[in-house]
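Below is one structure, written out as structure tokens, with a few remarks after it.
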Amino acid sequence: MDISRNMAQEIIDELGGILNQQLNFFDAKGYILASAHPERVGSYHAGAARLICEGLDELIVYRDDEYEGARKGCNLPLVMDTAVVGAIGITGEYEQVRKYGQIIKKMTEILLRESDEQQRKKIESRIRTRFLDDWIMTDQHLNDPAFLQRARAQEIDITLSRRVAALRIADITRYADSSHGQETIDSINRWVRQALGQVPGAIFSKTASVMILLMPAQDDERMLRFLNRLMQGVMDQFRVRLLAGVDSAEDIGHASVHQAWKKAMKALQACAAQKERQVLFYDDITYELFLDDIGSAAKALFVQRVFQGIPEEEIGEYAGLIKTLYLMDGSISRAANAHFIHKNTLQYKLNKLTRITGRDPRSYKCVPLYSLAILFMREQTEE
């Protein structure tokens with residue numbers, strides 16, 4: 001077991017403070033790894049070296065410099081899984097410190113075991129994360145015997161059919177730019193991971209801002225019910241709204257996890273752009289399929305041309321009116337009520353827009369143009 005200087009010093013400080021004793025932590029070669037006296041760190045302690053080398057149960061130093069680098073006190077070995085990994089020393093008169101010897105030895109060994117277990121879990125977590133990243137983010141490993149062995153080590157059957165959902169916080173920039181917000185993201189990740197643990201065969205993974213759920217193969221209706229319950233749980237617990245994109249049901253049993261993840265991410269991006277729905281399936285998206293292929297400059301130019309002649313500071317107002325009109329299925333009265341204006345006022349504004357741009361947002365021919373322009377504007381706002 002490798003014991004870091006920081007970990008040894010934390011143990012010395014914690015136990016020394018509790019028992020009001022001056023302690024030293026020795027490595028397996030007898031060098032002082034941590035001490036209540038910082039000037040002694042790094043120096044050689046011949047008594048501790050003898051204790052460890054000869055396998056003694058205890059070594060008492062009755063006077064200073066009885067051993068090279070030693071001060072009077074009591075020294076005991078630290079044992080982990082039958083192996084001596086170092087030693088702990090208590091400085092002082094033996095009769096005064098002996099009663100603390102076994103207590104400090106046992107407490108130190110407990111802290112070492114806990115630290116070792118935490119370190120082991122961290123390593124296992126990193127190994128699993130790396131495996132999931134390789135599995136989800138690429139297709140290149142699926143026929144690799146070594147990769148299949150890694151899957152078996154993680155007790156994951158990569159041959160099973162799965163659905164993939166990608167989730168993120170709706171207003172992610174609000175949380176990602178502060179330490180408190182990041183704590184909220186981490187808490188939600190843990191909550192979702194725990195909730196997913198109740199689903200047999202489900203697997204949780206994540207990127208910096210997206211949670212990835214690998215679910216047993218199921219139809220869209222069951223996926224939607226599960227995601228709605230999950231999102232409501234997050235809302236109840238954290239007062240945070242989530243968005244989700246889900247892969248295509250048509251690919252069950254055919255597409256790889258990587259291909260399913262790409263479609264889930266495409267659906268999540270479309271869901272974030274629409275802002276009307278919390279869950280969007282890949283099979284339900286339309287023009288969002290090609291949006292990533294259009295550059296930001298081209299999108300900005302498209303918006304300018306659709307609203308050609310409209311002052312830049314007024315474009316947002318017109319876009320809001322048109323969006324509401326479309327949400328109300330073209331009803332002038334309902335759209336006007338939503339904006340708390342008279343329907344004649346709305347008609348006047350739409351007529352003015354038509355006169356300036358030459359494009360009537362009430363005409364079915366112009367609906368796709370204005371819809372795309374509004375979508376591009378939303379993307380620019382999020383950026």
query = What number of residues within the stretch 219-256 satisfy the criterion of being closer than 21 Å to ILE169 by Cβ and among the polar types (S, T, N, Q)?
reply = 3
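What residue, of SER205, SER187, SER209, is touching a residue at least 24 places away in the same chain (Cβ under 8 Å), surrounded by fewer than 17 Cβ atoms within 10 Å (Cβ to Cβ) and outside any loop (DSSP other than H, G, I, E, B)?
SER187
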task = Mind listing whichever residues of the stretch 81-131 are outside the structural domain of GLN22 (by TED's automatic domain parsing), basic (Lys, Arg) and surrounded by 15 or more Cβ atoms within 10 Å (Cβ to Cβ)?
result = ARG128
inquiry  = Looking at the stretch 61-74, can you tell me whether even one residue there is crowded, with 23+ Cβ neighbours inside 10 Å and under 18 Å from ILE103 (Cβ atoms)?
reply    = yes
task = Take PHE340 and decide whether it is in the same structural domain as LEU375 (by TED's automatic domain parsing) and in contact (Cβ under 8 Å) with a residue 60 or more places away in the chain.
result = no
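The values are calculated or read from the model by the stated rules, or taken from the named source; none is laboratory data. Predicted, not measured: the structure shown is a model, and the values here were computed from it. When we count neighbours, we look across all protein chains shown, and the Cβ atoms used for this are built from the backbone with ideal geometry, even at glycine.
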